[in-house]
Amino acid sequence: MWVDPNLNDFYSRVSRIEKSHAKGYGFEATGTLGRKAPSKSGSRAIKLVKPVILALVLGVGLKGTIHYYVGPQTYESRVSALAAGTGFDPVGAWLMQADPASLYVSSQLQTLLPR
């Protein structure tokens, strides 16, 4: 059909690919992303739990650091003043009350950075 044998080979491959596509087959070159590329595994719950755990760890670390720098008496007086407030202040006081984890962080900071 064509003078150049490479063109004959090329067009025969093109027709073979078009027939395969018409039957619903597909072609994916190695190393490329396509229909059969692996999707990211993992459940939705795990994707939601990681940021919550990170926020809790950062919150406890921040509370422990504040407890260390202002001291236990000042910290408790500020939390009690916050609890006596109105609106969302009691909620903030409940969140900022000294818990065992933040006291542990404060004690570890005291051993690492004595005053």
Original post:
What list of ³J(HN,Hα) values in whole Hz, one per residue of the range 5-22 in order, does the Karplus curve 6.51 cos²θ - 1.76 cosθ + 1.60 (θ = phi - 60°) give from phi, with Gly and Pro shown as x?
Top reply: x, 5, 5, 4, 4, 4, 5, 5, 5, 4, 5, 5, 5, 5, 5, 5, 5, 5
Original post:
Applying the Karplus parametrisation 6.51 cos²θ - 1.76 cosθ + 1.60 with θ = phi - 60° to the phi angles of the range 49-54, what ³J(HN,Hα) value in whole Hz is obtained for each residue in order, glycine and proline being reported as x?
Top reply: 6, 4, x, 5, 5, 4
Original post:
Can you tell me the Rg and Dmax of the range 44-112, counting just the alpha carbons, in angstroms?
Top reply: 13.8, 43
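Can you tell me the convex hull volume per residue for the range 75-115, based on C-alpha atoms, in Å³ to the nearest whole number? Spell out each step's value before the answer.
Details: hull volume 2.5 nm³, N = 41.
Hull volume normalised by residue count: 60 Å³.
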Subject >> Ellipsoid semi-axes in whole angstrom, largest first, where each is sqrt(5λ) of the Cα gyration tensor of the chain >> reply: 69, 18, 11
**OP:** Please identify, among Val91, Val14, Val105, the residue showing maximal mean-square fluctuation in a Gaussian network model of the chain using a 10 angstrom Cα cutoff.
**Re:** Val14
Subject >> the chain: most fluctuating residue of Ile53, Ile17, Ile66 per GNM, C-alpha cutoff 10 Å >> reply: Ile17
Subject >> the chain: most fluctuating residue of Arg78, Arg13, Arg44 per GNM, C-alpha cutoff 10 Å >> reply: Arg13
Original post:
For the residue pair Thr111 and Ala22, what label-to-label distance in nm results when each label sits 7 Å from Cα along the Cα-to-beta-carbon direction?
Top reply: 7.7
**OP:** Please state the charge dipole magnitude for the chain, taken about the Cα centre, from unit charges on C-beta atoms (+1 on K and R, -1 on D and E), reported in debye and rounded to the nearest 20.
**Re:** 400
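Readers should treat all values here as calculations from the given coordinates under stated rules, not as data from a laboratory. Predicted model, so just to flag it, every value in this text is computed and none were measured. Reconstructed Cβ throughout: ideal geometry from the backbone, glycine too, with neighbour counts over all protein chains shown.
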